[in-house]
Every structure is written in C-alpha cells, then in structure tokens.
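Below: the structure, in structure tokens.
The values are calculated or read from the model by the stated rules, or taken from the named source; none is laboratory data. What you are looking at is a predicted structure, and each value in this text was computed from that prediction instead of being measured. Cβ atoms come from the backbone with ideal geometry, glycine included; neighbour counts cover every protein chain shown. Protein only, heavy atoms only, side chains kept; ligands, DNA and RNA dropped before computing areas. Shrake-Rupley method; radii C 1.70, N 1.55, O 1.52, S 1.80 Å.
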There are 2 protein chains.
Amino acid sequence: MQKAAIEKNNEAIAAQLAPVGRETVQDRVYSELRRALIGGLFEPSQVLTIRGLADALVTSTMPVREALGRLITEKALEALPNRSVRVPPITLERLDDLLRARILIEGEAIALAAARMGPRQIATIETILGEWDEMRALKHKKDVDREVTLNQSFHFEIYRSCGSAVLIPMIESLWLQSGPCIRVAIYAFSEAGEVDTAQYHRRIVTALATQDAQAARESLAADISRPFTFLRSKLQSAAAKDQT
Amino acid sequence: MQKAAIEKNNEAIAAQLAPVGRETVQDRVYSELRRALIGGLFEPSQVLTIRGLADALVTSTMPVREALGRLITEKALEALPNRSVRVPPITLERLDDLLRARILIEGEAIALAAARMGPRQIATIETILGEWDEMRALKHKKDVDREVTLNQSFHFEIYRSCGSAVLIPMIESLWLQSGPCIRVAIYAFSEAGEVDTAQYHRRIVTALATQDAQAARESLAADISRPFTFLRSKLQSAAAKDQT
DNA sequence: TCAAAGCAAGTGTGATCACAAATCAAAATC
DNA sequence: GATTTTGATTTGTGATCACACTTGCTTTGA
C-alpha cells in the first residue's frame with residue numbers, strides 16, 4: 001500500500017502551489033463598484049444604468065444587475081420608483097445620521113480592538129502611518145486616491161482586530177454610504193490647506209498602544225467627524241446662498 | 001384654457017384611488033424569504049438551492065438568485081466555498097456577537113425614539129400590547145407565529161420613531177441574522193413555562209411614555225437579552241454533553 | 001472486501017432574448 | 001407659440017439556454 005507515500009507527495013505539491021481561487025465575475029463587478037463608491041468616484045445623485053456599467057466593465061448585464069441589487073440592499077445605492085438606480089444624494093439630515101451611526105459603531109469596534117490589539121497589530125498600523133508621512137514628504141501634488149486608500153487601510157486594520165464578525169460588515173456598509181460624500185470633503189480639505197490627518201491618526205495609535213479604550217473612541221470620533229462637519233458647514237452656506 | 005380644471009379633476013380622482021404599486025417578482029421573493037428567516041422558518045445550517053426555492057415559490061430561478069444574493073450581503077445567509085448557500089449555523093461566539101451589536105444599535109435607536117415619540121406613537125404600541133394580552137387570554141395553545149409577528153411589530157414601531165434612515169436597515173439586518181436562532185429560543189420558552197414577555201414590553205412602554213431614554217435603553221436590553229442568554233446556556237450544556 | 005475511477009444527476013453562473021415600462025424628441029394640434 | 005400626442009430608443013425584468021463544477025452512486029480493479 002503506497003497510500004502514505006502518495007499522500008506525502010500530494011502534500012509536497014500542495015506546499016508549492018498557491019490556491020487558484022474561483023472568483024466569479026459578479027464578485028469582481030461588486031468589488032469594483034464598491035471600490036469606486038468608497039473612493040467617491042461616483043457623484044451623489046448620479047444615475048447608473050445596468051447596460052452602461054456592463055459596457056464599462058466589459059461584461060454582460062447579468063453580473064452587473066446582481067451586483068447593483070446587492071449594493072442597493074446595503075443602501076450604498078438607491079432604487080428610484082422609476083426602477084433606475086442612483087447614488088444617494090447628500091442631505092444635511094443624512095450627513096448627521098451617517099456621522100452618528102459611524103461614531104456609535106466604529107467607536108464600539110475600536111473600543112473592543114483596544115483590548116485585543118497586540119504589538120503585532122500596532123506595528124502594522126504604524127507602518128501605514130509611515131507610508132502616509134512618506135507620501136506627504138515626497139510629493140507636493142496631492143494624491144487623493146492614495147490618501148483615501150491609506151486612510152481606509154488604517155481604519156480597517158484596526159476594526160479587523162475587534163473580533164466581531166457582525167460589526168465589521170456594518171462598518172463597511174457605512175463607509176459605502178458615506179464614500180460619495182467624503183470624497184467631496186477630502187478634495188476641499190486638500191485645497192483648504194494642510195489640516196493634518198496624520199495627527200489625528202497618531203493620537204488614535206497612542207491610545208491603542210496604551211489600551212485606553214475610551215481615549216481611542218474619542219480620538220476616533222474626532223477623526224471621523226472632521227470631514228462631516230466640514231461638509232456640513234459647506235452645505236449650509238450653499239443652502240443659505242440658494243435662498244437669497 | 002381648461003388646464004386648471006383638468007388638473008383639479010385629476011387631483012380629485014387621485015384622492016379616491018390607492019396607488020397600485022408595481023412590486024417586482026424579485027421583491028416578493030425577497031420579502032417572502034425575509035419573513036421566513038426572521039420568523040425562523042429555516043433552520044440554522046440548512047442549505048437552500050435556487051431551483052428548490054424557485055419551485056416552492058412558483059417562479060423561475062432568476063428572481064430567486066437575485067434575492068439570495070441580497071440576503072447573502074446582509075449576512076442573513078452564508079455563501080459556502082462550494083457555492084451553495086445555507087442559513088448560518090449558531091455558535092456561541094456568534095450569539096454573543098449578535099447580542100452585543102443588537103444592544104448597541106437598538107439601544108441607540110430606542111434612546112432616540114424616547115425623545116421623539118408622541119402620544120400618538122405611544123398609543124400605537126400600547127395597542128400592540130393589548131393584542132398580545134388578548135392572544136394570551138383567548139388561546140391556551142401557543143401561537144408562536146403570532147407571537148413572533150407581534151413582537152416584531154412592537155419593536156419596529158418604536159424603531160421607526162427614531163428618525164434615523166441609517167439605523168433602521170441595520171436593525172433589520174440584525175433581526176434577519178438572529179431570526180433563525182431566536183425561533184429556537186421562543187419554542188423553548190413556550191415550553192419552559194410562562195415567562196411573561198409582556199411584562200418586559202410594558203416596562204419599555206412606561207419608560208418611553210415618560211421620555212426616560214436611559215430606562216428605555218436598559219429595559220430594551222433586558223428584553224433582547226432573554227432569548228440569547230437562554231439559548232446560550234442551552235448551547236453550553238449541549239456542548240458539555242457532547243464532550244462526555 | 002475495499003478503494004479508486006467513471007458516470008449521471010443536480011446546481012450555480014453567465015449570456016441572450018422577449019417584453020413592458022420609461023424617456024426623450026419630433027410632430028401635430030389647439 | 002405652447003401643449004399634447006405620437007413614435008423611436010433606452011432601460012429594467014424575467015425566462016431560457018449553455019456550460020462548468022459539484023456530488024453521490026455505480027462500477028471496476030486490486
């Protein structure tokens with residue numbers, strides 16, 4: 001009986017080979033749309049069509065329509081009574097609503113994470129902080145895409161440590177919903193001068209390193225609030241101008 | 001120019017007619033599956049097939065597959081690597097995770113609602129309480145379906161008053177996720193004797209009537225926790241029995 | 001007798017088509 | 001000239017088909 005020998009050989013092969021993975025087209029479309037949404041590539045109130053997206057992504061309508069359906073249930077997109085879908089418009093109420101929910105849930109997540117993050121995890125987010133500084137030092141021109149990506153990595157690296165399989169998808173949904181708004185704010189930030197995001201992030205890191213859950217929660221709330229309050233005042237002044 | 005006259009006539013007609021609505025088949029399938037899930041009609045770990053559900057619901061596979069996709073993104077269902085979908089199994093960690101999230105989010109919702117509910121809304125939930133008592137008085141046999149429905153109405157009538165378009169879908173998602181677990185607990189409750197749910201609900205109502213947000217939050221937490229802690233101890237003893 | 005190979009039924013995924021509703025622009029009507 | 005009507009195009013929805021993968025059973029070989 002060569003069974004043991006064959007088994008061993010198979011194991012040796014398995015060690016060499018990487019699992020190939022079988023991502024469906026639908027999954028790729030979904031991920032791509034998510035990325036675009038969180039990155040703020042779509043504008044609020046913009047209407048999306050199935051065939052249009054299918055053409056842009058070079059697939060058929062089938063994977064796109066299912067991906068859109070999923071994004072609608074996450075409230076990342078909005079189904080109009082006409083049955084067309086658009087990215088939800090920004091309103092003052094929605095802004096406040098989103099901010100409150102984010103502080104509540106992401107605050108809870110970071111408080112949980114504070115007790116669970118080891119030196120390994122702390123080191124990881126410090127690396128991300130380093131990359132941020134590097135980016136700022138090297139380039140004068142603003143690389144908004146990279147800023148968005150690094151910011152996302154920083155936050156989710158923390159949230160992943162909270163150990164809750166329930167909270168994380170909710171946070172993703174919240175980012176999906178606030179993505180289109182936030183982009184507007186980041187652009188405005190970059191123009192309005194160097195309000196240092198890194199400073200806020202550093203405060204979060206020191207809170208986490210000392211396992212101070214309350215401080216982590218508060219500094220996170222401050223970090224999240226910035227773009228929201230900024231956008232809020234901007235919207236208010238725009239509304240005031242409309243009235244005149 | 002009869003324009004104004006015609007307009008007025010149309011308005012008169014519109015006042016008579018109820019909007020007919022154009023619910024798609026997909027929406028109906030989705031609602032039906034939601035109802036089944038929240039009501040706990042599916043068992044944890046049960047595998048669902050597209051064609052099977054399509055036959056049961058008497059439609060084609062198309063609306064079903066899209067509805068399943070949506071439920072998967074809400075974590076109400078789970079996609080296995082085999083690409084089959086099942087209702088998520090119950091584990092101790094998941095139970096604790098769900099309970100914590102529900103107390104956090106539904107607690108926030110009821111705290112907001114406490115400040116916003118008027119006599120009109122209070123009367124509505126008291127009506128639901130009345131129906132509960134009625135049900136209990138008339139029938140000795142347990143009508144679990146009706147219990148589930150009334151419990152749901154009671155809670156969501158409150159949550160609707162919180163005024164947050166962001167929190168409510170999250171709560172719905174949480175109910176979807178805990179539905180299959182809760183059903184097990186309710187059955188066990190009904191057998192284990194008359195632990196009066198109404199008593200917990202009444203405490204919530206008095207807290208809301210006096211606009212006491214903190215008391216509302218706490219009594220809600222107590223109400224939600226019951227089936228969870230019950231199920232938890234049941235699972236633990238089952239696990240202990242397995243080990244022997 | 002038992003494990004491996006082979007086969008058949010079942011299942012999810014993606015493409016395409018048919019149809020109804022919505023949208024927009026040109027034409028007709030007052 | 002403004003409004004309504006009409007018609008063409010676009011769009012979402014549902015059904016059906018083709019294909020690939022999985023699964024479970026039967027058959028084959030040692």
Would you list the helices (runs of 4 or more DSSP H) that sit entirely within the stretch A:118-214 and hold 3 or more residues that are aliphatic (A, V, I, L, M) and modelled with pLDDT of 90 or more? A:119-138, A:167-192, A:197-209
Which members of the stretch B:60-80 meet the condition of being of a type in the set (K, R) and either surrounded by 20 or more Cβ atoms within 10 Å (Cβ to Cβ) or within 12 Å of DNA strand D (Cβ to nearest atom) (or both)? B:R65, B:R70
Single condition B:F42 does not satisfy, out of (1) modelled with pLDDT under 90; (2) within 14 Å of DNA strand D (Cβ to nearest atom); (3) within 30 Å of B:A222 (Cα to Cα): (2)
Can you tell me which residues in the stretch A:81-104 are touching a residue at least 40 places away in the same chain (Cβ under 8 Å), surrounded by 15 or more Cβ atoms within 10 Å (Cβ to Cβ) and touching an Asp or Glu at 6+ places or on another chain (Cβ under 9 Å)? A:R86, A:V87, A:P88, A:A101
When you go through (1) more than 16 Å from DNA strand C (Cβ to nearest atom); (2) more than 8 Å from every other protein chain (Cβ to nearest Cβ); (3) open to solvent by less than 60 Å² (accessible area, probe 1.4 Å) one by one for A:L57, which number turns out not to apply? (1)
Can you find a residue in the stretch A:3-17 that is open to solvent by 100 Å² or more (accessible area, probe 1.4 Å) and at pLDDT 90 or above? no
Can you name the residue in the stretch A:74-117 that is among the charged types (D, E, K, R) and in a loop (DSSP other than H, G, I, E, B) and, of all such residues, is farthest from A:Y159 (Cα to Cα)? A:R83
Residues satisfying the stated conditions in the stretch B:108-167, i.e. open to solvent by less than 50 Å² (accessible area, probe 1.4 Å), free of Cβ contacts under 8 Å to residues at least 24 places away in the same chain and either of a type in the set (D, E, K, R) or under 26 Å from A:L92 (Cβ atoms) (or both): B:G118, B:D143, B:F156, B:V166
Can you find, within the stretch B:60-90, the residue that is farthest from the other protein chains (Cβ to nearest Cβ) among those that are within 23 Å of B:S173 (Cβ to Cβ) and of a type in the set (V, I, T)? B:V87
Keeping to the stretch A:32-54, report how many residues are open to solvent by 50 Å² or more (accessible area, probe 1.4 Å) and hydrophobic (A, V, I, L, M, F, W, C). 3
